[in-house]
Structure formats: structure tokens, C-alpha cells
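Enquirer: Shown below is the structure under consideration.
The values are calculated or read from the model by the stated rules, or taken from the named source; none is laboratory data. Computed from a prediction, not measured in an experiment: that's the story for all the values here. Here the Cβ positions follow ideal geometry from the backbone for every residue, glycine too, while neighbour counts run over all protein chains shown. In case anyone asks, the SASA skips ligands and DNA or RNA and just uses the protein heavy atoms, side chains included. Shrake-Rupley method; radii C 1.70, N 1.55, O 1.52, S 1.80 Å.
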Amino acid sequence: MSAPDDLDALEAALREYSHDDRALGIVRGFAESLGKTRQRQAVFNRPGALVRPPILYEDALERGIVSADEDPFTFLQGDVVATESAYFMGERVRNARFVLAGSTCDLVPKRRQYAALLRLSPIRADNPAAAALVGELLSFKSIRRMYLPTIEGDGERVVCNAVEFDGIAQIRMAELQLATRHASLSLVGWRVFGTLVRHMMARTGDAEVKLRSCA
């Protein structure tokens, strides 16, 4: 494919990719095909379906999944971590877990000064709205949250977790290195997460296209 030769050609080349929401439609269609909430939860709660134990650099190196000349990693995009050093709206967040929002290459030590975090909210059985929340999460129609199953360390009353897209916390990279990793996303979980993050950050509509086309 040849490179665009002017700005109009560049816009046309990017049109189907930069704000495309077809991937989200695939996720929603798959969830709907599974049936009701109970069936959806059974599929997404399977071990390794969306989350898995933390992926370790040393293990990946030993198994030949990564080579010694590649950048060593401590964290991956989508890792679930616990830290007391994250800030949201200028205040330190206590007793919370987070999902790493930034790309894995930006999480390599000394490559960036800060990392972006999304808060992880446990959905508890004693919450009167728990059933409705779980149903909403498993339809993948929410633009505020993403479904994750329970993770090691959750209490007995936790039925699932929600990645909160409404508000991004920050942490210094040096302090992130001291965070505790609780889980990594599976390949499918990472694909779904990337789809929702992209939709959150770059979704648009025809009206916006018209607005930006005006001279």
C-alpha cells in the first residue's frame, strides 16, 4: 500500500482505522450470542478467559517467549496492581487496586516518568444493584466500565470487578515498580481491554466529522 501523498489522502487512509468501532461491535455481538447474564458470566469467568496469573519476564525469557535482547518488562498493559502511591484528582488513593492503562512499551523502566491507571471497583453481592451492574458489564455496552471476574485477594462477597474508565489516576514510574501485581490479562482480555480503551478515548460520530470539515 502506497503512502498518502497529501493531507486529504492521509485523512482518507485513516478514516476506517482511527475512530473505527467495528471491534467493539464484535465484542458485543459475541456477548449477546452467549445468552443471558448467567451464561455470559460462566464463559468470561473461566480460568484464563479474561485474566491469568501475572506474566513474569524471567519465566517468559526461560521459555523462549521473549529474547534476551528485548527490553525486560516488569508490568504489562492491563495488569492488575495494588499500590498506595497513585493519585486521582490530586489526592492519594488508599486501599485500591488498579489496571494499567498505558501500552506495555511505555511501562518499561526509565522510558516514561508517569503511568496511567484505571481504578478497579469490586462488585459485592450485598450491593442492591449488583445484578443490574453485572448484566450491564457483561453486555459490554457500558462506556464507563469493563467486566473482570474475581481476582485472587477478593473477599468472598465479591461477585466480579469493574474496570472504571471514568477517571484516570497517575503514578510515578519509580513508585509503580514497588506495586504488587495480582493478575495479567489473557490474550482475549487484552484484546477486549484495548477495544474498550480505544472506544473510550477516540469514539466519535458523524456530527463531529462535519464539524471538523468546516473551513
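Enquirer: Residue 44 fails exactly one of the following numbered conditions: (1) closer than 19 Å to residue 187 by Cα; (2) open to solvent by 40 Å² or more (accessible area, probe 1.4 Å); (3) of a type outside the set (A, V, I, L, M). What is the number of that condition?
Expert: (2)
Enquirer: Now for a separate question. Name the one entry in 31, 3, 9 that is farther than 15 Å from residue 209 by Cα, at pLDDT 75 or above and outside any helix (DSSP H, G or I). Don't jump to the end; show me each part of the working.
Expert: On the way: 31 fails: outside any helix (DSSP H, G or I); 9 fails: outside any helix (DSSP H, G or I).
The unique qualifying residue is 3.
Enquirer: All but one of (1) of a type in the set (A, V, I, L, M); (2) open to solvent by 20 Å² or more (accessible area, probe 1.4 Å); (3) under 20 Å from residue 95 (Cα atoms); (4) in contact with a Ser or Thr (Cβ under 9 Å, 6 or more places away or on another chain) hold for residue 131; state the number of the condition that does not hold.
Expert: Residue 131 satisfies every listed condition except (3).
Enquirer: Let me ask something else. Checking the structure you have, find out if any residue of segment 6-13 is under 23 Å from residue 192 (Cβ atoms) and among the aliphatic types (A, V, I, L, M). Spell out how you get there, then give the answer.
Expert: Let us first name the residues in segment 6-13 that are under 23 Å from residue 192 (Cβ atoms), namely none.
No, because not a single residue in segment 6-13 is under 23 Å from residue 192 (Cβ atoms) and among the aliphatic types (A, V, I, L, M).
Enquirer: Return the residues of segment 144-173 that are of a type outside the set (Ser, Thr, Tyr), open to solvent by less than 80 Å² (accessible area, probe 1.4 Å) and not in a strand (DSSP E or B); say none if nothing qualifies.
Expert: Across segment 144-173, the qualifying residues are 149, 151, 153, 154, 155, 173.
Enquirer: Now a separate question. Being open to solvent by 40 Å² or more (accessible area, probe 1.4 Å), out of contact with any strand residue (DSSP E or B) (no Cβ under 6 Å at 6 or more places or on another chain) and at positive phi narrows it down to one residue among 35, 64; which is it? Can you show your working first?
Expert: Numbers: 35 fails: open to solvent by 40 Å² or more (accessible area, probe 1.4 Å).
Going through 35, 64 in turn, the sole match is 64.
Enquirer: Kindly establish whether residue 196 is assigned to a helix (DSSP H, G or I) and either open to solvent by 90 Å² or more (accessible area, probe 1.4 Å) or within 21 Å of residue 145 (Cβ to Cβ) (or both). If you could, list the steps in order and put the result at the bottom.
Expert: Working: assigned to a helix (DSSP H, G or I): yes; either open to solvent by 90 Å² or more (accessible area, probe 1.4 Å) or within 21 Å of residue 145 (Cβ to Cβ) (or both): yes.
It is true that residue 196 is assigned to a helix (DSSP H, G or I) and either open to solvent by 90 Å² or more (accessible area, probe 1.4 Å) or within 21 Å of residue 145 (Cβ to Cβ) (or both).
Enquirer: Scan segment 34-61 for residues that are free of Cβ contacts under 8 Å to residues at least 60 places away in the same chain, part of a helix (DSSP H, G or I) and within 20 Å of residue 162 (Cβ to Cβ) and jot them down. Write out each step before concluding.
Expert: Start the filter on segment 34-61 by keeping residues that are free of Cβ contacts under 8 Å to residues at least 60 places away in the same chain, which leaves 34-36, 38-39, 42-43, 46-47, 56-61.
When the remaining residues are screened for being part of a helix (DSSP H, G or I), the result is 38-39, 42-43, 57-61.
Listed by number, the residues that qualify are 38, 39, 42, 43.
Enquirer: So which residues in segment 67-87 are over 27 Å from residue 191 (Cβ atoms) and in contact (Cβ under 8 Å) with a residue 60 or more places away in the chain?
Expert: Hits for segment 67-87 are 85, 87.
Enquirer: So which of 59, 21, 5 is among the acidic types (Asp, Glu) and within 17 Å of the chain's Cα centre (by Cα)?
Expert: Values: 59 fails: within 17 Å of the chain's Cα centre (by Cα); 5 fails: within 17 Å of the chain's Cα centre (by Cα).
Answer to the selection: 21.
Enquirer: Filter segment 199-215 down to the residues that are of a type in the set (D, E, K, R) and outside any helix (DSSP H, G or I) and list them by number.
Expert: Scanning segment 199-215 gives a single hit, 203.
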